[in-house]
Amino acid sequence: METISGSNTENYIDLEHQYGAHNYHPLPVVLERGKGVYLWDVDGKKYFDFLSAYSAVNQGHCHPKILKALQDQASKLCLTSRAFHNSSFGPFAAYITEYFGYDKILPMNSGAEAVETAIKLARKWGVQKKGVPQEQAQIVVCHNNFHGRTTTIISFSDDHVAKKDFGPYTPGFIAIPHNDIDALKAVFTSNKNIVGFLVEPIQGEAGIFTPEEDYLRNVQQLCNQNDVLFIADEIQTGIARTGSLLAVCGNCDCSSSCLRQSDTFAAPDILILGKAISGGVYPVSAVLANNAVMDVIQPGEHGSTFGGNPIAAAVATAALKVVKEEKLAANARKLGQLFRDAMNDYIKSSDIVTLVRGKGLLNAIVINDSPESDTAWNICLALKENGLLAKPTHGNIIRFAPPLIMTIDELTACVAIITKTLRDFEPK
């Protein structure tokens, strides 16, 4: 095994490039340590984390309560598989279903696994409960979606990079525009074999596209009217990221167990969670549904060796408790508004930034250059040099998603770094 002498960044990057598959294009920084909203590289430089591992680290890096749950459980029992019961999964299942207002959970590990699970669940429900003929179930999705990179998921992706050369593709999907209720009505009218509508409440990878205020409520009503399952992928938007416990909560402040009591809550039939459900400490994902949907799955029809393992159950329980105890949804809502206000003030006199959009602490700025340009990438390189880590998406868009434990003072310092960096890219 090759070792690194000293802490030379280039040596670490060279090792990864030589021995790792080239399926990512990371910023040239090698991180070694994290705490709260901060990260440190191998040379000791400190950064604000403004990506949160794509919203997996909402509770901050190395949260002590989550780490304690991990350590305590790992010292007792790590894995049994679901061939046996364990003393952690049952209590976790009871806790998370009450937390989000559903009857049952089907636990998995990664976000893509959870999406695949929801697809299988909807298809089986369609055959058994709706009476759709075998092999005819259709699921509606949105253009510019991002639900993962498995073979089935890329089959309904518009992302050429993720899709090209990986065919043949899985049939059974119909794509329509996001935030277009008329398009959804039209497809429901023309096809009676539709079993589900799979949607991101806010399209993250596409550039933080936020729909109209009443879109999700209209989606819910339309799905109900047409006996179609409303499937919400809240892997990135959930767990307080958008200023509510879930993005489908609308404008609910989530100060208590308020799901299904708020008049802005658009209740999905299937809720998909991942990322911050474990605070970034351990791979955990979940599919939640009520009995009428979940009970179509029987023993042997779906599963995972690690899904619902004792460590995952303990870690996810602790992570969800932190969200409530530290009122992270309210903090995300408050700081998100401050961030957008500050960026809009900057945009008034900017030629390099045209727009800021988002909700809570899930935001993006649009750079005034083509998606094919490297301007956004170069801005992120400059942000890194100035002590803040972020990443472009779709060429000319920079996504900003710091840990939700961030304070006003920390956010103000980050805004100062961002605006200072952007000024260096303004036309002279």
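The values are calculated or read from the model by the stated rules, or taken from the named source; none is laboratory data. Predicted model, so just to flag it, every value in this text is computed and none were measured. As a convention, Cβ positions derive from the backbone with ideal geometry for all residues, glycine included, and neighbour counts pool all protein chains shown.
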The condition of being aromatic (Phe, Trp, Tyr), crowded, with 18+ Cβ neighbours inside 10 Å and out of contact with any strand residue (DSSP E or B) (no Cβ under 8 Å at 6 or more places or on another chain) holds, among 400, 425, 339, only for 425
When you scan the stretch 334-357, do you find a residue that is polar (S, T, N, Q), within 20 Å of residue 47 (Cα to Cα), outside the structural domain of residue 237 (by TED's automatic domain parsing) and not in a helix (DSSP H, G or I), even just one? no
Residues located in the stretch 151-170, provided they are surrounded by fewer than 16 Cβ atoms within 10 Å (Cβ to Cβ) and either out of contact with any strand residue (DSSP E or B) (no Cβ under 9 Å at 6 or more places or on another chain) or among the hydroxyl-bearing types (Ser, Thr, Tyr) (or both): 151, 159, 160, 161, 162, 164, 165, 166, 167, 168, 169, 170
Taking the stated definitions as given, is residue 405 touching a residue at least 12 places away in the same chain (Cβ under 8 Å), in the same structural domain as residue 50 (by TED's automatic domain parsing) and outside any loop (DSSP other than H, G, I, E, B)? no
Subset of the stretch 53-87 [more than 25 Å from the chain's Cα centre (by Cα) and not hydrophobic (A, V, I, L, M, F, W, C)]: 71, 72, 73, 75, 76, 80, 81, 82, 85, 86, 87
How many residues does the stretch 268-294 hold that are in a loop (DSSP other than H, G, I, E, B) and either over 14 Å from residue 122 (Cβ atoms) or among the hydroxyl-bearing types (Ser, Thr, Tyr) (or both)? 7
Looking at the stretch 349-386, which of the residues that are farther than 27 Å from residue 211 by Cα and charged (D, E, K, R) is surrounded by the fewest Cβ atoms within 10 Å (Cβ to Cβ)? 385
